Amino acid sequence: MSGVQRRPTIVTLTMNPALDITTEAEVVRPTDKIRCAGVRYDAGGGGINVARVAHELGASVSAVFPAGGPTGGLVSQLIVESGVPFRRIPITDSTRESFTVNEDSTGNQYRFVLAGPTLTAAEQAQCLDQLRDAAHGASYVVASGSLPPGVPPDLYQRASDICGELGVPFILDTSGQGLTHIAAGVALLKPSLRELRECVGRALATEADQAEAARELIERGVARAVVVSLGSDGALLVTSDQQQRFSSVPVQAVSGMGAGDAMVGAITVGLCRGWPLSKTVRYGIAAGAAMLTTPGTAVCHRGTVDRLFELVPEPSALRS
């Protein structure tokens, strides 16, 4: 555990962190040996990326995550170097790696994501215990990323329940069973369009369909607000009394990794500043765009986020 000087404003939970390895090759072909040039290593996983971005934007943060083996040690060291305080839960199994190859000849990006370690029941319990302790006095808790093998699909619901007991708003960005097993208590849910389809189990061809699906989650009590990230098409914000459409900011993309996490980090920072939700989503879009301009999952720069923030248009209202 790194030294924490004061109670953090934002606590993040990453159940499946990764060592993100990024390299380049002229051409990616089957069977051939792919000669790669240059390599960078980043501490990755949704909540860790959120914490790194929030820290860059000036927030007080603590990242909670399990880590094991040499890979987990390197992830922890990289977080130390980033200056983000954290609580590491030691595990027996080794933290996963994620491998990305940028193909220079086409600009395509190939991403290979491993499933992750198997956590014992005791290790899972320690993660939630550390989350509970860290969340005391926090303004927001953010859980982001996938669940590793063997972790019950309701773990994020259990994290939400802990936050509810403490009176701390819970923000969630996940997919798969971790998403579909959320039933209640989320202050803000940030699915992609694909993840929103997973939640409601149907195609969402139009913006009206997408907004209706988000409102359905709100009416079911899953979340109080839903921000649907639409990539280059921007985002939708849906609450019980508003539906807004946000445009993106065009940038020259270097890597698509971590943009959604940057969006969540900036939204959470904006909420901590007391901004209206609409303004925080614009800030999140700016951070997501800024993240696209960095290699691998290198954190975006605050100055770039602030500059792009000025370029994000005000949202338009969708008709109910």
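The values are calculated or read from the model by the stated rules, or taken from the named source; none is laboratory data. Quick caveat: nothing in here was measured; it's all calculated off a predicted structure. Glycine gets a Cβ as well: all are built from the backbone with ideal geometry, and neighbour counts include every protein chain shown.
Against the numbered list (1) buried (at least 18 other Cβ atoms within 10 Å of the Cβ); (2) of a type in the set (S, T, N, Q); (3) more than 29 Å from Pro295 (Cα to Cα), Ser144 comes up short only at (3).
Checking each residue in region 111-159 for being under 29 Å from Ile21 (Cβ atoms) and of a type in the set (Gly, Ala, Ser) picks out Ala115, Gly116, Ala134, Ala143, Ser144, Gly145, Ser146, Gly150, Ala159.
Can you list the helices (runs of 4 or more DSSP H) found entirely within region 33-137 that contain at least 3 residues being at pLDDT 95 or above, surrounded by fewer than 23 Cβ atoms within 10 Å (Cβ to Cβ) and out of contact with any His (no Cβ under 6 Å at 6 or more places or on another chain)?
69-82, 121-135
Output the number of residues of region 71-126 satisfying the condition of being under 18 Å from Val299 (Cα atoms), β-branched (Val, Ile, Thr) and touching a Gly at 6+ places or on another chain (Cβ under 9 Å). Total satisfying the criteria: 2. Looking across Pro149, Pro153, one residue alone is surrounded by fewer than 18 Cβ atoms within 10 Å (Cβ to Cβ), touching a helix residue (DSSP H, G or I) at 6+ places or on another chain (Cβ under 6 Å) and not in a helix (DSSP H, G or I). It is Pro153. Please verify whether region 244-255 includes one or more residues that are free of Cβ contacts under 8 Å to residues at least 60 places away in the same chain, over 18 Å from Tyr283 (Cβ atoms), among the hydrophobic types (A, V, I, L, M, F, W, C) and part of a strand (DSSP E or B). The answer is no; no qualifying residue exists. With respect to (1) surrounded by fewer than 19 Cβ atoms within 10 Å (Cβ to Cβ); (2) in contact with a helix residue (DSSP H, G or I) (Cβ under 8 Å, 6 or more places away or on another chain); (3) within 22 Å of Gln210 (Cα to Cα), the lone exception for Val254 is condition (3). Among the residues of region 215-229, is there at least one that is farther than 28 Å from Pro17 by Cα, among the aliphatic types (A, V, I, L, M), modelled with pLDDT of 95 or more and surrounded by fewer than 23 Cβ atoms within 10 Å (Cβ to Cβ)? Yes, some residue in region 215-229 is farther than 28 Å from Pro17 by Cα, among the aliphatic types (A, V, I, L, M), modelled with pLDDT of 95 or more and surrounded by fewer than 23 Cβ atoms within 10 Å (Cβ to Cβ).
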